[in-house]
1. Restricting to segment 144-172, what's the tally of residues that are buried (at least 16 other Cβ atoms within 10 Å of the Cβ), of a type in the set (Ser, Thr, Tyr) and closer than 21 Å to Ile211 by Cβ?
2. Which one of Phe142, Phe115, Phe119 is in a helix (DSSP H, G or I) and either over 30 Å from Ser170 (Cα atoms) or among the β-branched types (Val, Ile, Thr) (or both)?
3. When only residues in segment 145-155 that are assigned to a helix (DSSP H, G or I) and more than 17 Å from Ser207 (Cβ to Cβ) count, which is farthest from the chain's Cα centre (by Cα)?
4. If Glu175 passes every condition in (1) surrounded by fewer than 16 Cβ atoms within 10 Å (Cβ to Cβ); (2) within 26 Å of Ala75 (Cα to Cα); (3) of a type in the set (D, E, K, R) but one, which one does it miss?
5. Quick check on my filter: what residues within segment 241-281 are touching a helix residue (DSSP H, G or I) at 6+ places or on another chain (Cβ under 8 Å) and surrounded by 10 or more Cβ atoms within 10 Å (Cβ to Cβ)?
6. Which is at pLDDT 90 or above, in a helix (DSSP H, G or I), farther than 18 Å from Ala192 by Cα and among the charged types (D, E, K, R), of Arg162, Arg131?
7. Inside segment 163-172, can you point out the residues that are small (Gly, Ala, Ser) and farther than 23 Å from Lys78 by Cβ?
8. Would you point out which residue out of Ala94, Ala82, Ala75 is at pLDDT 85 or above and surrounded by 15 or more Cβ atoms within 10 Å (Cβ to Cβ)?
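The values are calculated or read from the model by the stated rules, or taken from the named source; none is laboratory data. This structure is a prediction, so every number in the text was calculated from the model and none was measured. Counting neighbours? That spans all protein chains shown, and the Cβs are built from the backbone with ideal geometry, glycine included.
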Amino acid sequence: MLDAMTFTGAGLAAVVVFLCVRTILAQPPRKKGDQPENKTLFTYAAPVLRLLVPVVSSLMWPQYRQWLERRLDAAGIKEQLAAEEFFAFRFLAAAVLWFATAPFAPGLRLLALLFALVFPELWLSGIIQDRHAQIRRNLPYFVDILSLCASAGLELGAAIDRVLARIHRSPLTDEFRIARRDVQLGMSQQEALLRLGARVQMPELLSFTAILVQAVRMGASVADILEAQAEKMRLERYEQAERLGTQAQQKLLIPLLLLILPAFVLMGIVPIMIALLKPILEGGGLGVMR
């Protein structure tokens with residue numbers, strides 16, 4: 001009976017951990033109008049989360065709710081996942097893992113409970129980092145095309161609309177579409193750009209929007225500012241590529257020292273040492289030395 005309970009608990013724990021790891025590696029849910037959204041652990045747990053929201057929402061203090069909403073906004077999934085649902089998932093995962101690991105030792109159950117509490121933050125951080133990497137990769141090209149449109153005589157808003165109509169869809173274009181929608185709803189263009197930078201929470205984009213808003217307020221040439229920013233971003237991207245290449249060379253030293261060098265010693269030096277010591281061992285040379 002105990003073996004059956006242990007096997008069942010281990011199976012449930014393995015399934016939960018597999019779904020958690022799969023969710024970490026999965027892409028964030030897509031917005032409506034795009035390709036069908038990916039099925040993640042949050043998608044399957046959505047009905048249960050909605051039932052838990054009225055119970056756990058009172059446990060969220062306002063500062064934490066605002067911080068969590070900004071994090072979900074930076075991940076681009078605020079429309080698909082509410083802050084209360086994200087908070088409720090902690091309790092759902094903790095309950096599932098706590099009962100799934102019932103046959104195991106108390107220490108292992110506490111580790112599983114800790115994993116359940118930390119997992120949502122790891123998943124959300126991974127989504128934000130991946131989204132920032134995509135925006136950072138597309139930003140120089142976007143600004144370069146925007147600079148060409150502004151140099152052709154288009155106003156900043158019209159230039160953004162032209163670029164959004166021609167460029168492929170990405171997290172960066174989604175954010176600028178939201179900014180243009182805010183302008184259409186009555187928000188000023190400067191405020192929409194500043195809100196865009198604050199929403200994404202990426203230093204490069206925040207700096208770009210602040211410089212662009214300052215140029216518009218001062219009456220400077222937007223085309224010249226965009227051209228200078230595009231050149232700066234291309235240079236920073238080139239420097240980052242060199243920096244990542246240097247880091248990759250340093251990281252290669254770890255497998256070289258741990259795997260390749262010992263294998264070289266075993267295959268190259270050890271046979272030579274055996275060949276040199278074999279006559280001494282067979283002839284009793286060591287015994288004579290003693």
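1. Final tally of qualifying residues: 1.
2. Details: Phe142 fails: either over 30 Å from Ser170 (Cα atoms) or among the β-branched types (Val, Ile, Thr) (or both); Phe119 fails: either over 30 Å from Ser170 (Cα atoms) or among the β-branched types (Val, Ile, Thr) (or both).
Result: Phe115 is the single residue among Phe142, Phe115, Phe119 that is in a helix (DSSP H, G or I) and either over 30 Å from Ser170 (Cα atoms) or among the β-branched types (Val, Ile, Thr) (or both).
3. Of the residues in segment 145-155, the ones assigned to a helix (DSSP H, G or I) are 145-151.
Still in the list and also more than 17 Å from Ser207 (Cβ to Cβ): 145, 148-151.
Working: Ile145: 26, Leu148: 31, Cys149: 32, Ala150: 32, Ser151: 35 Å.
Ranking the qualifying residues of segment 145-155, first place goes to Ser151.
4. (1)
5. Residue satisfying the conditions is Ile280 alone.
6. Details: Arg162 fails: farther than 18 Å from Ala192 by Cα.
The conditions single out Arg131.
7. As a first pass, look at segment 163-172 and keep what is small (Gly, Ala, Ser): 165, 170.
Correct list: Ala165 only.
8. Just a single option satisfies the conditions, and that option is Ala75.
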